[in-house]
Amino acid sequence: MNELSPAFRRWLFEEGRAEKTIESYVGDVVAFQKYLGEKAVDISQPLSRFAFVRYKQHLVDEHFALATTNKKINSLKVYKDFLLQKDWVEEAYTQLKKDQVKIAAGSGLVGIRQDIDFLTSSLLVLGKGGKVREIRSRSELAFYHFKRA
């Protein structure tokens, strides 16, 4: 990964990824490469299905949180996209929907504001990076909640 790390980092930047995202992806890929080196797997192959499945099982065996495991899997999926685009691998070794351990409920959710706007039937949700998202609801549900309160 030593020679691939700067190229991967540059590619992520060119793809418009945030600096924290780039740090996370590169860190996850470096950890994957370190695992490969420790387990004496052929590291001349940057990413293989066999190595990926072994690494995924290692994360589960080490009791990483599901959200953390899925984040690392996603990082390797992005790494695979990079390798495919550069023609450094010939086939896709990861399949995100198949390889995720389990979807982590509420992943990225930071908090919900207490106030619900009953006029517009919406709820404001605070997500990662301080992003505020508005979730609209059917007016009947907002009215039901208002009556119960």
Open item on the list: Can you find a residue that is at pLDDT below 90, more than 14 Å from Tyr79 (Cβ to Cβ), over 16 Å from the mean Cα position of the chain (by Cα) and aromatic (Phe, Trp, Tyr) anywhere in the stretch 53-67?
Closed with: no
- [ ] Enumerate the pairs (first residue in the stretch 49-62 and hydroxyl-bearing (Ser, Thr, Tyr); second residue anywhere and part of a helix (DSSP H, G or I)) with beta-carbon separation below 6 Å, excluding pairs fewer than 6 apart on the same chain, so at least 6 apart or on different chains.
- [x] Tyr55/Phe32; Tyr55/Tyr35
Task: Selection count, the stretch 12-52, where residues are assigned to a helix (DSSP H, G or I), at pLDDT 85 or above and within 17 Å of the chain's Cα centre (by Cα) - done: 16
TODO: Give just the number: which of (1) at negative phi; (2) modelled with pLDDT under 85; (3) not in a helix (DSSP H, G or I) does Lys97 not satisfy?
DONE: (3)
TODO: Output the residue which, of all residues in the stretch 72-88 that are crowded, with 17+ Cβ neighbours inside 10 Å and either of a type in the set (D, E, K, R) or part of a loop (DSSP other than H, G, I, E, B) (or both), is modelled with the highest pLDDT.
DONE: Lys72
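The values are calculated or read from the model by the stated rules, or taken from the named source; none is laboratory data. All values derive from a computational prediction rather than experimental measurement. Here the Cβ is made from the backbone with ideal geometry for all residues, glycine too, and neighbour counts use every protein chain on show.
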